[in-house]
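The structure under discussion appears below in the form of C-alpha coordinates.
The values are calculated or read from the model by the stated rules, or taken from the named source; none is laboratory data. Because the structure is predicted, anything quoted here is derived from the model rather than measured. Every residue, glycine among them, receives a Cβ derived from its backbone with ideal geometry; neighbour counts consider all protein chains shown. Surface areas here come from the heavy atoms of the whole protein model, side chains and all, with no ligands, DNA or RNA. Shrake-Rupley method; radii C 1.70, N 1.55, O 1.52, S 1.80 Å.
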Amino acid sequence: MAVVREFTLPDLGEGLTEATIVHWMVEVGEVVAIDQPVVEVETAKAMVEVPCPYGGVVTARFGEEGAEVPVGAPLVTVAVGAVPDDLAEAGPGTGPESGAGVKGGAPDAGAASGAPAAGAADAGSGNVLVGYGTSAAAARRRRIRPGPGAGPMAGVPRPPGGVADGSAGAGAAEGTPGVSGAVATGATAVGAVGVTAAAGVSGAEGPAGSGVAEDDSRTVAVISPLVRRMARENGLDLRELTGSGRDGLILRTDVECAIRARQERETAVAGAATTVGADGVAGAGVTGVPRAGAVTAVGTASGTTAGTGAVAREERIPLKGMLGAAAEKFSRSRREIPEATCWVEADATELLAARRAMNVPGAPKVSLLAVLARICTAALARFPALNSTVDTEAQEIVRLPAVHLGFAAQTDRGLVVPVVRDAHARTVEELSAEIARLTERARAGGLSLAELTHGTFTLNNYGVFGVDGSTPIINHPEAAMLGIGRIAAKPWVHEGELAVRQVVQLSLTFDHRVCDGGTAGGFLRFVADCVEQPALLLRTL
(Lines give C-alpha, C1' and ligand atoms only; values in the text may rest on other atoms or scores of the structure.)
Protein backbone atom coordinates (compact mmCIF):
# COMPACT_ATOMS: atom_id res chain seq x y z
CA MET A 1 0.00 0.00 0.00
CA ALA A 2 1.60 3.25 -1.14
CA VAL A 3 1.74 6.24 1.18
CA VAL A 4 2.53 9.67 -0.28
CA ARG A 5 5.05 11.66 1.70
CA GLU A 6 5.63 15.36 1.06
CA PHE A 7 9.20 16.58 1.41
CA THR A 8 9.51 20.31 2.03
CA LEU A 9 12.55 22.57 1.72
CA PRO A 10 14.35 22.19 5.07
CA ASP A 11 15.85 24.97 7.12
CA LEU A 12 19.34 25.18 5.62
CA GLY A 13 20.72 27.07 8.59
CA GLU A 14 22.38 30.47 9.13
CA GLY A 15 19.03 32.29 9.07
CA LEU A 16 18.30 31.47 5.42
CA THR A 17 14.61 31.68 4.56
CA GLU A 18 14.57 30.71 0.89
CA ALA A 19 16.55 29.05 -1.87
CA THR A 20 16.57 29.05 -5.68
CA ILE A 21 16.15 25.78 -7.58
CA VAL A 22 19.18 25.34 -9.81
CA HIS A 23 18.91 21.77 -11.07
CA TRP A 24 16.49 18.92 -10.54
CA MET A 25 18.37 15.66 -9.94
CA VAL A 26 15.29 13.38 -10.21
CA GLU A 27 12.25 13.15 -12.42
CA VAL A 28 8.67 12.12 -11.78
CA GLY A 29 8.38 8.34 -11.88
CA GLU A 30 11.95 7.80 -10.73
CA VAL A 31 12.81 5.57 -7.77
CA VAL A 32 14.80 7.36 -5.08
CA ALA A 33 16.61 5.98 -2.07
CA ILE A 34 16.53 7.37 1.45
CA ASP A 35 18.84 10.40 1.75
CA GLN A 36 19.38 10.57 -2.01
CA PRO A 37 19.89 14.15 -3.29
CA VAL A 38 16.86 15.17 -5.32
CA VAL A 39 17.51 18.84 -6.10
CA GLU A 40 20.39 21.30 -6.19
CA VAL A 41 19.52 24.71 -4.80
CA GLU A 42 21.36 27.99 -4.45
CA THR A 43 21.13 29.81 -1.16
CA ALA A 44 22.51 33.22 -0.34
CA LYS A 45 25.72 31.52 0.76
CA ALA A 46 26.37 28.34 -1.24
CA MET A 47 25.22 25.68 -3.69
CA VAL A 48 23.50 22.85 -1.81
CA GLU A 49 22.34 19.37 -2.81
CA VAL A 50 19.23 18.61 -0.78
CA PRO A 51 18.67 14.93 0.14
CA CYS A 52 15.19 13.49 0.55
CA PRO A 53 14.51 11.55 3.79
CA TYR A 54 12.03 9.22 2.08
CA GLY A 55 12.57 6.28 -0.23
CA GLY A 56 10.09 5.40 -2.93
CA VAL A 57 8.77 6.73 -6.25
CA VAL A 58 8.72 10.44 -7.02
CA THR A 59 5.13 11.46 -7.78
CA ALA A 60 5.53 15.22 -8.21
CA ARG A 61 8.11 18.01 -8.33
CA PHE A 62 7.26 21.51 -7.15
CA GLY A 63 8.94 24.48 -8.80
CA GLU A 64 10.87 24.96 -12.00
CA GLU A 65 14.59 25.58 -12.28
CA GLY A 66 15.27 29.21 -11.44
CA ALA A 67 12.26 29.51 -9.13
CA GLU A 68 12.63 30.74 -5.56
CA VAL A 69 11.27 28.39 -2.89
CA PRO A 70 10.69 29.48 0.71
CA VAL A 71 11.69 27.26 3.61
CA GLY A 72 8.80 24.90 4.38
CA ALA A 73 7.41 24.87 0.84
CA PRO A 74 7.05 21.44 -0.83
CA LEU A 75 9.85 20.20 -3.08
CA VAL A 76 8.75 16.70 -4.04
CA THR A 77 6.21 14.08 -3.05
CA VAL A 78 7.33 10.47 -2.77
CA ALA A 79 5.13 7.40 -2.82
CA VAL A 80 6.55 5.29 0.01
CA GLY A 81 5.64 1.64 -0.53
CA ALA A 82 5.26 1.99 -4.29
CA VAL A 83 8.42 -0.13 -4.54
CA PRO A 84 9.55 -2.95 -2.23
CA ASP A 85 11.11 -1.66 1.00
CA ASP A 86 14.42 -3.34 0.27
CA LEU A 87 14.72 -1.42 -3.00
CA ALA A 88 13.85 1.88 -1.34
CA GLU A 89 16.49 1.24 1.34
CA ALA A 90 19.18 -0.13 -0.98
CA GLY A 91 18.69 2.53 -3.63
CA PRO A 92 17.36 2.59 -7.17
CA GLY A 93 20.50 1.05 -8.57
CA THR A 94 19.20 -2.39 -7.58
CA GLY A 95 15.68 -1.82 -8.84
CA PRO A 96 14.10 -3.02 -12.08
CA GLU A 97 14.39 -1.15 -15.33
CA SER A 98 10.67 -1.26 -16.01
CA GLY A 99 7.56 -0.37 -14.04
CA ALA A 100 7.23 -3.92 -12.79
CA GLY A 101 8.62 -2.93 -9.42
CA VAL A 102 5.66 -0.61 -8.74
CA LYS A 103 2.98 -2.27 -6.68
CA GLY A 104 -0.47 -2.09 -8.20
CA GLY A 105 -3.78 -1.77 -6.48
CA ALA A 106 -5.74 1.28 -5.43
CA PRO A 107 -4.68 2.84 -2.12
CA ASP A 108 -7.10 3.53 0.66
CA ALA A 109 -8.32 6.98 1.68
CA GLY A 110 -5.71 7.33 4.38
CA ALA A 111 -2.88 6.77 1.91
CA ALA A 112 -4.36 9.25 -0.55
CA SER A 113 -4.42 11.95 2.07
CA GLY A 114 -0.79 11.42 2.94
CA ALA A 115 -1.45 9.78 6.32
CA PRO A 116 0.37 6.53 7.10
CA ALA A 117 -1.62 3.50 6.10
CA ALA A 118 -2.00 0.55 8.42
CA GLY A 119 1.07 -1.60 8.23
CA ALA A 120 2.85 0.77 5.88
CA ALA A 121 6.52 1.36 6.63
CA ASP A 122 7.63 4.95 7.07
CA ALA A 123 10.81 5.00 4.97
CA GLY A 124 12.05 8.30 6.36
CA SER A 125 15.66 8.53 7.43
CA GLY A 126 14.96 10.59 10.53
CA ASN A 127 18.18 12.50 9.89
CA VAL A 128 18.29 16.21 10.55
CA LEU A 129 18.87 17.94 7.23
CA VAL A 130 21.19 20.92 7.44
CA GLY A 131 21.51 21.64 3.74
CA TYR A 132 24.45 19.57 2.59
CA GLY A 133 23.25 16.02 2.95
CA THR A 134 24.41 13.08 4.97
CA SER A 135 27.74 11.34 5.04
CA ALA A 136 26.56 8.39 2.99
CA ALA A 137 27.28 8.47 -0.74
CA ALA A 138 24.26 8.82 -2.98
CA ALA A 139 23.26 5.65 -4.77
CA ARG A 140 23.20 5.51 -8.57
CA ARG A 141 19.73 6.29 -9.86
CA ARG A 142 17.85 4.21 -12.42
CA ARG A 143 14.61 5.42 -13.86
CA ILE A 144 11.44 3.36 -14.08
CA ARG A 145 10.52 3.45 -17.76
CA PRO A 146 6.76 3.39 -18.43
CA GLY A 147 5.40 0.95 -20.93
CA PRO A 148 3.04 2.03 -23.72
CA GLY A 149 -0.39 2.95 -22.47
CA ALA A 150 0.46 2.52 -18.80
CA GLY A 151 2.32 4.90 -16.53
CA PRO A 152 4.76 3.83 -13.86
CA MET A 153 2.52 5.26 -11.15
CA ALA A 154 -0.30 2.76 -11.52
CA GLY A 155 -1.90 2.28 -8.12
CA VAL A 156 -0.05 5.25 -6.62
CA PRO A 157 -2.21 8.13 -5.28
CA ARG A 158 -1.94 11.49 -6.94
CA PRO A 159 -0.82 14.28 -4.61
CA PRO A 160 -2.90 17.43 -4.32
CA GLY A 161 -1.88 20.05 -6.88
CA GLY A 162 0.40 17.65 -8.74
CA VAL A 163 0.09 15.16 -11.59
CA ALA A 164 1.40 11.69 -10.89
CA ASP A 165 0.72 10.13 -14.28
CA GLY A 166 3.94 10.03 -16.26
CA SER A 167 2.52 8.18 -19.27
CA ALA A 168 1.89 9.69 -22.67
CA GLY A 169 -1.75 10.22 -23.39
CA ALA A 170 -4.37 12.86 -22.71
CA GLY A 171 -1.89 15.11 -20.86
CA ALA A 172 0.67 15.04 -23.67
CA ALA A 173 0.92 17.88 -26.14
CA GLU A 174 -1.11 16.79 -29.15
CA GLY A 175 0.64 16.93 -32.46
CA THR A 176 4.04 17.42 -30.85
CA PRO A 177 6.36 14.53 -31.72
CA GLY A 178 8.61 13.11 -29.04
CA VAL A 179 6.90 14.67 -26.02
CA SER A 180 6.15 12.00 -23.42
CA GLY A 181 3.44 13.19 -21.07
CA ALA A 182 4.79 16.65 -20.28
CA VAL A 183 2.01 17.57 -17.86
CA ALA A 184 1.99 20.29 -15.23
CA THR A 185 -0.93 21.21 -13.01
CA GLY A 186 -0.06 23.55 -10.13
CA ALA A 187 3.25 21.88 -9.36
CA THR A 188 5.84 21.01 -11.96
CA ALA A 189 4.83 17.37 -12.07
CA VAL A 190 6.41 16.24 -15.32
CA GLY A 191 6.13 12.63 -16.42
CA ALA A 192 8.96 12.82 -18.92
CA VAL A 193 10.72 16.15 -19.15
CA GLY A 194 13.04 15.27 -21.99
CA VAL A 195 12.16 15.58 -25.69
CA THR A 196 13.29 13.00 -28.20
CA ALA A 197 16.05 13.81 -30.64
CA ALA A 198 13.60 13.30 -33.52
CA ALA A 199 11.66 16.35 -32.41
CA GLY A 200 14.77 18.48 -32.60
CA VAL A 201 13.99 20.22 -29.33
CA SER A 202 16.27 20.30 -26.32
CA GLY A 203 13.56 19.62 -23.73
CA ALA A 204 10.92 21.25 -21.62
CA GLU A 205 13.50 22.67 -19.26
CA GLY A 206 15.04 24.95 -21.87
CA PRO A 207 18.31 24.93 -23.76
CA ALA A 208 20.41 25.79 -20.74
CA GLY A 209 20.45 22.35 -19.19
CA SER A 210 23.02 21.32 -16.61
CA GLY A 211 25.59 19.86 -18.95
CA VAL A 212 23.46 16.95 -20.21
CA ALA A 213 23.81 15.49 -23.67
CA GLU A 214 21.59 17.31 -26.17
CA ASP A 215 19.95 16.01 -29.34
CA ASP A 216 23.22 16.15 -31.26
CA SER A 217 24.81 13.87 -28.63
CA ARG A 218 27.26 16.61 -27.67
CA THR A 219 27.68 17.44 -23.99
CA VAL A 220 27.49 21.15 -23.21
CA ALA A 221 30.70 22.12 -21.40
CA VAL A 222 29.23 24.07 -18.49
CA ILE A 223 30.10 23.80 -14.79
CA SER A 224 28.71 26.96 -13.22
CA PRO A 225 24.98 26.92 -12.38
CA LEU A 226 25.04 30.70 -12.72
CA VAL A 227 26.13 30.37 -16.36
CA ARG A 228 23.29 27.93 -17.02
CA ARG A 229 20.77 30.24 -15.39
CA MET A 230 21.99 33.32 -17.28
CA ALA A 231 21.66 31.44 -20.56
CA ARG A 232 18.21 30.16 -19.66
CA GLU A 233 16.88 33.55 -18.56
CA ASN A 234 18.13 35.20 -21.73
CA GLY A 235 17.01 32.47 -24.11
CA LEU A 236 20.48 31.39 -25.22
CA ASP A 237 21.23 27.93 -26.55
CA LEU A 238 24.51 26.91 -24.93
CA ARG A 239 25.15 24.46 -27.77
CA GLU A 240 25.69 27.43 -30.07
CA LEU A 241 28.41 28.96 -27.89
CA THR A 242 32.12 28.25 -28.01
CA GLY A 243 33.67 28.30 -24.56
CA SER A 244 36.81 30.30 -23.91
CA GLY A 245 37.74 28.26 -20.85
CA ARG A 246 39.95 25.22 -20.61
CA ASP A 247 38.83 22.35 -22.84
CA GLY A 248 36.09 24.56 -24.29
CA LEU A 249 34.44 25.28 -20.91
CA ILE A 250 31.71 27.91 -21.27
CA LEU A 251 32.34 30.76 -18.83
CA ARG A 252 30.18 33.61 -17.61
CA THR A 253 32.01 36.03 -19.88
CA ASP A 254 31.09 33.88 -22.90
CA VAL A 255 27.39 34.14 -22.06
CA GLU A 256 27.64 37.88 -21.38
CA CYS A 257 29.37 38.44 -24.72
CA ALA A 258 26.68 36.45 -26.51
CA ILE A 259 23.95 38.49 -24.79
CA ARG A 260 25.63 41.76 -25.76
CA ALA A 261 26.10 40.60 -29.34
CA ARG A 262 22.45 39.69 -29.62
CA GLN A 263 21.40 43.02 -28.12
CA GLU A 264 23.55 44.86 -30.64
CA ARG A 265 21.94 42.92 -33.47
CA GLU A 266 18.47 43.67 -32.12
CA THR A 267 19.36 47.35 -31.70
CA ALA A 268 20.59 47.53 -35.29
CA VAL A 269 17.42 45.91 -36.59
CA ALA A 270 15.23 48.16 -34.44
CA GLY A 271 17.12 51.26 -35.60
CA ALA A 272 16.71 50.33 -39.25
CA ALA A 273 13.01 49.54 -38.93
CA THR A 274 11.99 52.47 -36.74
CA THR A 275 10.30 55.42 -38.42
CA VAL A 276 11.67 58.82 -37.44
CA GLY A 277 8.84 61.14 -36.39
CA ALA A 278 8.47 64.85 -36.95
CA ASP A 279 10.26 65.63 -33.71
CA GLY A 280 13.29 63.64 -34.84
CA VAL A 281 13.05 61.04 -32.08
CA ALA A 282 13.52 57.54 -33.41
CA GLY A 283 11.61 54.66 -31.93
CA ALA A 284 9.64 56.59 -29.33
CA GLY A 285 7.34 54.26 -27.47
CA VAL A 286 8.87 51.08 -28.87
CA THR A 287 9.38 48.47 -26.19
CA GLY A 288 11.33 45.26 -26.58
CA VAL A 289 9.72 42.09 -25.21
CA PRO A 290 12.54 39.74 -24.22
CA ARG A 291 12.27 36.79 -21.88
CA ALA A 292 12.18 37.23 -18.13
CA GLY A 293 15.51 38.43 -16.83
CA ALA A 294 16.60 39.85 -20.19
CA VAL A 295 17.26 43.53 -20.80
CA THR A 296 14.15 45.59 -21.50
CA ALA A 297 14.52 48.29 -24.17
CA VAL A 298 12.40 51.41 -23.96
CA GLY A 299 12.85 54.18 -26.55
CA THR A 300 12.42 57.72 -25.22
CA ALA A 301 13.42 61.19 -26.30
CA SER A 302 16.14 61.31 -23.64
CA GLY A 303 17.30 57.73 -24.12
CA THR A 304 17.75 57.73 -27.89
CA THR A 305 21.20 57.97 -29.38
CA ALA A 306 21.32 61.12 -31.48
CA GLY A 307 21.66 60.58 -35.21
CA THR A 308 21.66 56.78 -35.06
CA GLY A 309 18.10 55.83 -34.22
CA ALA A 310 19.43 53.28 -31.72
CA VAL A 311 17.23 52.72 -28.67
CA ALA A 312 18.90 53.14 -25.28
CA ARG A 313 18.63 50.15 -22.95
CA GLU A 314 18.71 49.79 -19.22
CA GLU A 315 19.51 46.61 -17.37
CA ARG A 316 17.88 45.61 -14.11
CA ILE A 317 19.59 42.98 -12.00
CA PRO A 318 17.58 41.55 -9.07
CA LEU A 319 19.33 41.72 -5.71
CA LYS A 320 18.63 38.08 -4.92
CA GLY A 321 20.63 35.04 -3.89
CA MET A 322 24.28 35.65 -3.15
CA LEU A 323 24.12 39.15 -4.68
CA GLY A 324 21.31 40.16 -2.38
CA ALA A 325 22.95 38.59 0.67
CA ALA A 326 26.20 40.43 -0.04
CA ALA A 327 24.37 43.73 -0.49
CA GLU A 328 22.57 43.31 2.81
CA LYS A 329 25.77 42.37 4.63
CA PHE A 330 27.69 45.33 3.23
CA SER A 331 24.86 47.70 4.14
CA ARG A 332 24.61 46.29 7.64
CA SER A 333 28.37 46.59 8.12
CA ARG A 334 28.31 50.26 7.16
CA ARG A 335 25.23 50.93 9.32
CA GLU A 336 26.49 49.24 12.47
CA ILE A 337 30.30 49.40 12.47
CA PRO A 338 32.15 52.67 13.03
CA GLU A 339 35.09 51.74 10.85
CA ALA A 340 38.40 53.45 10.29
CA THR A 341 41.29 52.67 7.95
CA CYS A 342 45.03 53.04 8.23
CA TRP A 343 47.64 52.00 5.66
CA VAL A 344 51.35 51.72 5.08
CA GLU A 345 53.74 50.81 2.27
CA ALA A 346 56.26 48.04 2.81
CA ASP A 347 59.24 46.61 0.95
CA ALA A 348 58.21 43.05 0.04
CA THR A 349 61.46 42.12 -1.71
CA GLU A 350 62.65 39.91 1.14
CA LEU A 351 59.22 38.33 1.50
CA LEU A 352 59.27 37.21 -2.14
CA ALA A 353 62.78 35.86 -1.68
CA ALA A 354 61.70 33.91 1.41
CA ARG A 355 58.78 32.39 -0.47
CA ARG A 356 61.08 31.32 -3.32
CA ALA A 357 63.36 29.67 -0.78
CA MET A 358 60.41 27.72 0.65
CA ASN A 359 59.37 26.37 -2.74
CA VAL A 360 62.30 24.03 -3.21
CA PRO A 361 61.82 20.96 -5.41
CA GLY A 362 60.10 18.15 -3.56
CA ALA A 363 58.62 20.38 -0.85
CA PRO A 364 54.93 21.33 -0.63
CA LYS A 365 54.27 24.49 -2.62
CA VAL A 366 53.63 27.58 -0.53
CA SER A 367 51.50 30.41 -1.92
CA LEU A 368 52.15 34.07 -1.20
CA LEU A 369 48.68 34.36 0.31
CA ALA A 370 49.54 31.57 2.75
CA VAL A 371 52.66 33.44 3.88
CA LEU A 372 50.60 36.58 4.43
CA ALA A 373 48.01 34.51 6.30
CA ARG A 374 50.73 33.20 8.61
CA ILE A 375 51.85 36.79 9.25
CA CYS A 376 48.22 37.70 10.07
CA THR A 377 47.85 34.94 12.65
CA ALA A 378 51.12 35.98 14.28
CA ALA A 379 49.96 39.61 14.40
CA LEU A 380 46.59 38.63 15.87
CA ALA A 381 48.37 36.71 18.61
CA ARG A 382 50.06 39.98 19.59
CA PHE A 383 46.95 42.14 19.08
CA PRO A 384 43.98 39.91 20.03
CA ALA A 385 41.61 42.89 20.18
CA LEU A 386 41.28 42.68 16.39
CA ASN A 387 40.15 39.04 16.56
CA SER A 388 36.84 39.89 18.19
CA THR A 389 33.25 40.88 17.62
CA VAL A 390 30.77 43.22 19.27
CA ASP A 391 27.64 41.86 20.98
CA THR A 392 25.31 44.82 20.46
CA GLU A 393 22.53 43.39 22.60
CA ALA A 394 24.75 42.78 25.62
CA GLN A 395 26.90 45.81 24.83
CA GLU A 396 30.06 43.73 25.15
CA ILE A 397 33.22 43.16 23.13
CA VAL A 398 33.76 39.44 22.67
CA ARG A 399 37.39 38.43 22.14
CA LEU A 400 37.56 35.12 20.32
CA PRO A 401 40.00 32.37 21.29
CA ALA A 402 40.59 30.94 17.80
CA VAL A 403 41.45 32.57 14.49
CA HIS A 404 39.13 31.45 11.72
CA LEU A 405 40.71 33.29 8.80
CA GLY A 406 38.53 34.26 5.87
CA PHE A 407 39.97 35.25 2.51
CA ALA A 408 38.21 36.91 -0.39
CA ALA A 409 37.87 34.77 -3.53
CA GLN A 410 36.41 35.93 -6.84
CA THR A 411 34.26 33.34 -8.65
CA ASP A 412 31.76 33.20 -11.51
CA ARG A 413 29.02 33.53 -8.88
CA GLY A 414 30.57 36.64 -7.39
CA LEU A 415 32.73 37.35 -4.38
CA VAL A 416 32.80 34.69 -1.65
CA VAL A 417 34.83 34.46 1.55
CA PRO A 418 35.91 30.89 2.39
CA VAL A 419 37.10 30.40 5.95
CA VAL A 420 40.22 28.53 7.09
CA ARG A 421 39.36 26.99 10.45
CA ASP A 422 41.88 27.29 13.28
CA ALA A 423 44.34 29.16 11.11
CA HIS A 424 46.39 30.07 14.19
CA ALA A 425 47.28 26.41 14.70
CA ARG A 426 48.41 25.72 11.11
CA THR A 427 51.85 25.91 9.57
CA VAL A 428 52.41 27.94 6.42
CA GLU A 429 52.37 24.71 4.37
CA GLU A 430 49.05 23.66 5.93
CA LEU A 431 47.61 27.12 5.32
CA SER A 432 48.67 26.98 1.69
CA ALA A 433 47.07 23.57 1.17
CA GLU A 434 43.80 24.59 2.82
CA ILE A 435 43.58 27.88 0.92
CA ALA A 436 44.14 26.02 -2.36
CA ARG A 437 41.44 23.47 -1.49
CA LEU A 438 38.88 26.09 -0.53
CA THR A 439 39.66 28.20 -3.60
CA GLU A 440 39.08 25.23 -5.90
CA ARG A 441 35.77 24.44 -4.21
CA ALA A 442 34.73 28.08 -4.41
CA ARG A 443 35.33 28.22 -8.17
CA ALA A 444 33.35 25.01 -8.63
CA GLY A 445 30.48 26.39 -6.52
CA GLY A 446 30.84 23.53 -4.04
CA LEU A 447 31.54 25.32 -0.77
CA SER A 448 29.38 24.25 2.15
CA LEU A 449 27.82 26.64 4.63
CA ALA A 450 30.37 25.57 7.24
CA GLU A 451 33.18 26.65 4.91
CA LEU A 452 31.65 30.09 4.35
CA THR A 453 30.63 31.16 7.84
CA HIS A 454 31.90 32.02 11.32
CA GLY A 455 35.11 33.75 10.26
CA THR A 456 36.82 36.01 12.81
CA PHE A 457 39.21 38.01 10.59
CA THR A 458 39.43 38.47 6.82
CA LEU A 459 42.42 38.80 4.49
CA ASN A 460 41.61 40.59 1.23
CA ASN A 461 44.21 40.30 -1.54
CA TYR A 462 42.87 42.85 -4.01
CA GLY A 463 46.35 43.16 -5.53
CA VAL A 464 45.39 40.35 -7.93
CA PHE A 465 43.23 42.94 -9.74
CA GLY A 466 46.24 45.17 -10.32
CA VAL A 467 45.32 47.88 -7.82
CA ASP A 468 47.51 49.38 -5.12
CA GLY A 469 45.11 50.29 -2.33
CA SER A 470 41.59 49.99 -1.03
CA THR A 471 39.42 50.76 1.98
CA PRO A 472 37.42 47.51 2.22
CA ILE A 473 34.14 47.11 4.06
CA ILE A 474 34.47 44.94 7.16
CA ASN A 475 32.96 41.48 6.85
CA HIS A 476 30.23 41.84 9.49
CA PRO A 477 30.28 40.81 12.36
CA GLU A 478 34.08 40.69 12.34
CA ALA A 479 36.16 43.56 13.70
CA ALA A 480 38.85 44.03 11.05
CA MET A 481 40.07 43.26 7.55
CA LEU A 482 43.60 43.41 6.19
CA GLY A 483 43.95 44.48 2.56
CA ILE A 484 46.92 43.57 0.36
CA GLY A 485 47.63 45.62 -2.76
CA ARG A 486 49.69 44.59 -5.76
CA ILE A 487 53.43 44.09 -5.36
CA ALA A 488 55.13 46.33 -7.91
CA ALA A 489 58.66 47.54 -8.64
CA LYS A 490 59.07 51.07 -7.26
CA PRO A 491 61.93 53.36 -6.25
CA TRP A 492 62.70 52.81 -2.57
CA VAL A 493 65.37 53.94 -0.14
CA HIS A 494 67.14 50.72 0.88
CA GLU A 495 70.11 50.81 3.25
CA GLY A 496 70.52 54.54 2.67
CA GLU A 497 70.51 54.35 -1.11
CA LEU A 498 67.83 54.69 -3.75
CA ALA A 499 67.01 51.34 -5.30
CA VAL A 500 64.26 49.58 -7.23
CA ARG A 501 62.39 47.34 -4.77
CA GLN A 502 59.19 45.29 -4.76
CA VAL A 503 56.74 47.46 -2.81
CA VAL A 504 53.25 46.61 -1.51
CA GLN A 505 50.60 48.75 0.16
CA LEU A 506 48.88 47.29 3.24
CA SER A 507 45.60 48.66 4.58
CA LEU A 508 43.74 47.78 7.78
CA THR A 509 40.07 48.60 8.19
CA PHE A 510 38.98 48.10 11.80
CA ASP A 511 36.01 48.55 14.10
CA HIS A 512 36.84 51.55 16.25
CA ARG A 513 34.70 50.14 19.06
CA VAL A 514 37.09 47.24 19.71
CA CYS A 515 40.33 49.22 19.72
CA ASP A 516 41.84 52.62 19.20
CA GLY A 517 44.28 53.79 16.54
CA GLY A 518 47.30 52.80 18.62
CA THR A 519 46.33 49.11 18.60
CA ALA A 520 45.40 49.17 14.92
CA GLY A 521 48.63 50.95 14.02
CA GLY A 522 50.67 48.50 16.09
CA PHE A 523 49.05 45.55 14.31
CA LEU A 524 49.66 47.02 10.87
CA ARG A 525 53.23 48.01 11.68
CA PHE A 526 53.99 44.46 12.87
CA VAL A 527 52.57 43.04 9.63
CA ALA A 528 54.67 45.48 7.58
CA ASP A 529 57.81 44.62 9.56
CA CYS A 530 57.27 40.89 8.92
CA VAL A 531 56.77 41.61 5.21
CA GLU A 532 60.06 43.50 5.12
CA GLN A 533 61.90 41.07 7.41
CA PRO A 534 60.25 37.63 7.34
CA ALA A 535 62.76 36.37 9.90
CA LEU A 536 60.79 38.28 12.55
CA LEU A 537 58.19 35.53 12.36
CA LEU A 538 60.67 33.20 14.08
CA ARG A 539 60.27 35.23 17.25
CA THR A 540 56.55 34.42 17.39
CA LEU A 541 56.96 30.65 17.03
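Listing for the model above:
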{"quantity": "Separation in nanometres of the label points that stand 7 Å from Cα toward Cβ, at ALA67 and LEU498", "calculated": "7.0"}
{"quantity": "Solvent-accessible area of LYS320 with every protein chain in place, 1.4 Å probe, in Å² to the nearest 10", "calculated": "110"}
{"quantity": "For VAL3, residues with placed amide H under 5 Å, excluding near neighbours", "calculated": "VAL80, GLY81, ALA82"}
{"quantity": "Loop sites in segment 360-462: GluC sites (Glu not before Pro), DSSP, at most 10 other Cβ within 10 Å", "calculated": "GLU393"}
{"quantity": "Pairwise label distance in nanometres, THR427 with ASP11, each label 7 Å out on the Cα-Cβ vector", "calculated": "4.3"}
{"quantity": "Å² of accessible area per residue within segment 347-486, as computed with a 1.4 Å probe and no ligands counted", "calculated": "44"}
{"quantity": "Carbon and sulfur %, accessible surface of segment 425-541 computed with the full protein complex present, 1.4 Å", "calculated": "53"}
{"quantity": "Amide H within-cut-off set for GLY406, under 5 Å, with H built and near neighbours excluded", "calculated": "VAL420, THR456, PHE457, THR458, LEU459"}
{"quantity": "Difference of contour (0.36 nm per residue) and Cα-Cα distance, LEU352 to ALA488", "calculated": "47.8 nm"}
{"quantity": "Surface share of carbon and sulfur [accessible, 1.4 angstrom probe, percent] for segment 316-412", "calculated": "56"}
{"quantity": "HN-Hα J in Hz across segment 460-471 - Karplus 6.51, -1.76, 1.60, θ = phi - 60°, x for Gly and Pro", "calculated": "10, 9, 7, x, 5, 8, x, 10, 8, x, 6, 10"}
{"quantity": "Solvent accessible area, Å² - VAL22, 1.4 Å probe, full protein context", "calculated": "10"}
{"quantity": "Segment GLN533-HIS512, extension gain: residue separation times 0.36 nm, minus the distance between their alpha carbons", "calculated": "4.7 nm"}
{"quantity": "Convex hull projection area averaged over all views, segment 446-523, Cα basis, nm²", "calculated": "7.3"}
{"quantity": "Order of exposure, largest accessible area first, which applies to SER388, SER448, SER331 with probe 1.4 Å", "calculated": "SER331, SER448, SER388"}
